[in-house]
Amino acid sequence: MSTSNGLLLVDKPKGMTSHDVVARVRLLMKERRVGHAGTLDPMATGLLVLAVGPCTRLLRFAQSETKRYEGVVTFGVSTDSLDADGVVVERQEVPPLTSEVVNDAARRMLGPQLQTPPMVSAIKVKGQRLHALARAGVEVERVARAIDVASFSLTPTNDVNEWYFDVTCSVGTYVRVLLSDLAERLGTIGHLSALRRLSSGDHHVGDALTLDRLDERLRGGETVLQPPRAFVTQLETVVISREDARRLRMGQRVALDGLNDDEVAAVSEEGTLVAVIRRRGDSWQPAVVLPDEESVGHG
């Protein structure tokens, strides 16, 4: 039986995969059910949103959130993976760049657009990971995906070929592709040389724990998880009666009035998340049901 149930924010260190972090958290919390939303490459650091226990069923709400990143782009050098973990494949001269020129190009990349995923990625094509095909020297056609870039700005560093960037974008955006495309607009080539995720939706890296700090807090018996309700802050909320909570946990529909959205967070009179419910005609049926929080802990 699960002893923990909630949302965990981890500040992922460089060099670990997102799966490595999940495996570490499973050991530290002695909990088999741990999942993450929004993969970070090994070279990246920053916010990784995890679900622990039964609320892994709520991960889809965190996966769809807008992300904010900061990092460094290096112009004049391209790699086969478009980031610093790849092999250098080309070098070019970099034209003189000013903040006005670079940011004007970045501004023209804002808004909804289509982006083609890189070959070195975890996307599957006919059952095979693109990065596995890329290692075998095979390149396949990729379907462009709809993304949205809400903000994108850059500032110079002490190195004329390296620039700090700050970008807010939709789920599914490959920042390394965005930067490579920016370099092309500026008349050169480039690659992502550092990346840190600052936020995902309402979750911020300033509230995240390093793995060492997580270990310390767990050893000290401190709380490390936010309640499951933290996953669904973007949903319309309705407070339900004890009887309706009982019915939803039994998989039954309930009748509720005055709701506007088609998917709603149903919370108890005590403020705990009972279920995510969906409109079905004149009634509401449970889409995701959470256990009584008195039966599980928050770690």
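The values are calculated or read from the model by the stated rules, or taken from the named source; none is laboratory data. For clarity, every value in this text was computed on a predicted model and none was experimentally measured. Cβ atoms come from the backbone with ideal geometry, glycine included; neighbour counts cover every protein chain shown.
This table checks each residue for (1) in contact with an Asp or Glu (Cβ under 7 Å, 6 or more places away or on another chain); (2) more than 18 Å from Gly46 (Cα to Cα).
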site: Ala194; (1), (2): no, no
site: Ser200; (1), (2): yes, no
site: Thr210; (1), (2): yes, no
site: Arg217; (1), (2): no, yes
site: Gly221; (1), (2): no, yes
site: Leu225; (1), (2): no, no
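Output yes when any residue across the range 19-40 is at pLDDT 95 or above, within 29 Å of Asn161 (Cα to Cα) and surrounded by fewer than 22 Cβ atoms within 10 Å (Cβ to Cβ), and no when none is.
Within the range 19-40, not a single residue is at pLDDT 95 or above, within 29 Å of Asn161 (Cα to Cα) and surrounded by fewer than 22 Cβ atoms within 10 Å (Cβ to Cβ).
In the range 158-179, which residues are over 19 Å from Glu93 (Cα atoms) and touching a helix residue (DSSP H, G or I) at 6+ places or on another chain (Cβ under 8 Å)?
Across the range 158-179, the qualifying residues are Phe165, Val167, Cys169, Val171.
If Leu179 satisfies every condition in (1) touching a strand residue (DSSP E or B) at 6+ places or on another chain (Cβ under 6 Å); (2) part of a loop (DSSP other than H, G, I, E, B) but one, which is the exception?
(2)
Check Ser81 against each of (1) part of a loop (DSSP other than H, G, I, E, B); (2) without any contact (Cβ under 8 Å) to a residue 60 or more places away in the chain; (3) touching a helix residue (DSSP H, G or I) at 6+ places or on another chain (Cβ under 8 Å) and name the one condition it does not meet.
Result: Ser81 fails condition (2) only.
Do any residues in the range 244-261 that are in the same structural domain as Thr272 (by TED's automatic domain parsing) have Cβ atoms under 9 Å from those of residues that are assigned to a strand (DSSP E or B) and charged (D, E, K, R), where the two are at least six apart or on different chains, and which pairs are they?
Listed pairs, sorted by first residue: Arg253/Arg280; Leu259/Glu236; Leu259/Arg279; Asn260/Glu236; Asp261/Glu236; Asp261/Arg279.
For Ala265, which of the numbered conditions (1) assigned by TED's automatic domain parsing to the domain that holds Gly86; (2) part of a strand (DSSP E or B) fails to hold?
Here Ala265 clears every test but (1).
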